[in-house]
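Below is one structure, written out as structure tokens; comments come after it.
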Amino acid sequence: MSEQEALDFARESIFVLLKLGLPIMMVGLIVGLTIAIFQALTQIQEMTLTFVPKIIVVFLSMLVFLPWMMDVLFDFMALVADHIINIQ
């Protein structure tokens, strides 16, 4: 494996990581901002008000995105397996 192939593999791995994590992080960000705006408008400063809904929504979004995440991981692992097979 040359240096360029190793860098390409590392770059693809990072893109897969971002592709898998970004939707769930964006859902958590949107819920967090919504709750923060609600707290600012109502002046309710309860700490658990931010954590519990975000945990629930992130968990539900993981369930929703799981089939797509498995497809992305399957495609990446097929690419890795093809690369391992074709190493000379």
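Contour minus end-to-end for PHE51 and ASP71, with contour as 0.36 nm per residue of separation and end-to-end as the Cα-Cα distance?
4.2 nm
Students often get this wrong, so try it: which of (i) 53; (ii) 68; (iii) 64 is percent of Cα pairs over 15 Å apart as calculated from the structure shown?
(ii)
Given the rule -39500 (n - 2.57) for each run of at least 4 DSSP H residues, summed and divided by the residues of the chain, what is its mean residue ellipticity at 222 nm, to the nearest 500 deg cm²/dmol?
-32500 deg cm²/dmol
Each value in this text was obtained by applying a stated rule to the coordinates, not by laboratory testing. Note that the coordinates shown come from a computational prediction; the quantities given were computed from them, not determined experimentally.
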